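Worksheet for the structure shown next.
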Amino acid sequence: MRASMARLSWGAAILVLIISGWVQAGPLATAGTFSSGSTPFNNGGTLVGYVDWAVFNPGTFPYSGGYTPTAGELVYAYQVFETGAAPLSSFELLLTDPADNIGNFTDLGGQAPQSQVLTPLTSAKWTFTGIPQGSMSRGLVFSSPRLPYDLFATVVDTGQSTWVIPLPSPSPTNVPEPATVGLVAMGCMMLGMRRRGTK
């Protein structure tokens, strides 16, 4: 009985850790967001890094250096970090929703994009001279009136090697609240105890 309860407790703890990992965020602020997080990428050893992302509610964008959001719209913010050997030359988001007012902000430091191009229902793309190993982009941002569906991004190195990154759809439904996490863990424990009691 004690061994079964110990296994069940470990299982619940692992479940909580896994779900909690979904809500981990990088340096981007999280106050006032629908959701935020950090997504890694690795093309096999050269183009390696991660993207921090956040979707801010209208009127809650906390940064002021170089970007003014469209009034009344959601703000999508990203920052790309390159930890591999290949300098990163572009970051592009494939969009399924309308978007406007592409830009970048200076509050987090990092390399400024050489260019930024927005096609509202297709893509938002920022290009760089080449973000070297151990460096990052500035904050990359655009405004939109709606939450997106599933997002994909691509990163390209200076040798034109491309890697696709699946980004979580930044909406309230993909990030369980702490109370939900606790209820799921308790439910698993109760179910295990009930099954044990019926044997």
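Looking across region 90-137 at every residue that is of a type in the set (Ser, Thr, Tyr) and crowded, with 21+ Cβ neighbours inside 10 Å, the one that is modelled with the highest pLDDT is identified as Ser137.
Tell me whether region 12-33 contains one or more residues that are assigned to a strand (DSSP E or B) and either among the hydroxyl-bearing types (Ser, Thr, Tyr) or at pLDDT 90 or above (or both). Checking region 12-33: at least one residue is assigned to a strand (DSSP E or B) and either among the hydroxyl-bearing types (Ser, Thr, Tyr) or at pLDDT 90 or above (or both).
When region 78-101 is examined, which residues are found to be within 16 Å of Ile165 (Cα to Cα) and not in a loop (DSSP other than H, G, I, E, B)? Reasoning before the result, please.
If we filter region 78-101 for residues that are within 16 Å of Ile165 (Cα to Cα), which is where we start, we get 78-84, 88-96.
Once the filter is applied, which keeps residues that are within 16 Å of Ile165 (Cα to Cα) and not in a loop (DSSP other than H, G, I, E, B), region 78-101 yields Tyr78, Gln79, Val80, Phe81, Glu82, Leu88, Ser89, Ser90, Phe91, Glu92, Leu93, Leu94.
Only one of the numbered conditions (1) of a type in the set (Phe, Trp, Tyr); (2) free of Cβ contacts under 8 Å to residues at least 40 places away in the same chain; (3) farther than 19 Å from Ile165 by Cα is violated by Trp126, and that is (3). Exactly one residue out of Leu147, Leu140 is aliphatic (A, V, I, L, M) and modelled with pLDDT of 85 or more: that is Leu140.
Need a quick list: strands (runs of 3 or more DSSP E) entirely within region 102-172 having at least 1 residues that are of a type in the set (A, V, I, L, M) and under 16 Å from the mean Cα position of the chain (by Cα). Walk me through how you get there before you give the answer.
Values: elements: 115-119, 123-131, 139-144, 151-157, 162-167.
Where strands (runs of 3 or more DSSP E) fall fully within region 102-172 and carry at least 1 residues being of a type in the set (A, V, I, L, M) and under 16 Å from the mean Cα position of the chain (by Cα), they are 123-131, 139-144, 151-157, 162-167.
The values are calculated or read from the model by the stated rules, or taken from the named source; none is laboratory data. From a predicted model like this one, the values you see are computed outputs, not experimental measurements. A quick note on method: Cβ atoms are made from the backbone with ideal geometry, for glycine too, and the neighbour counts reach across all protein chains shown.
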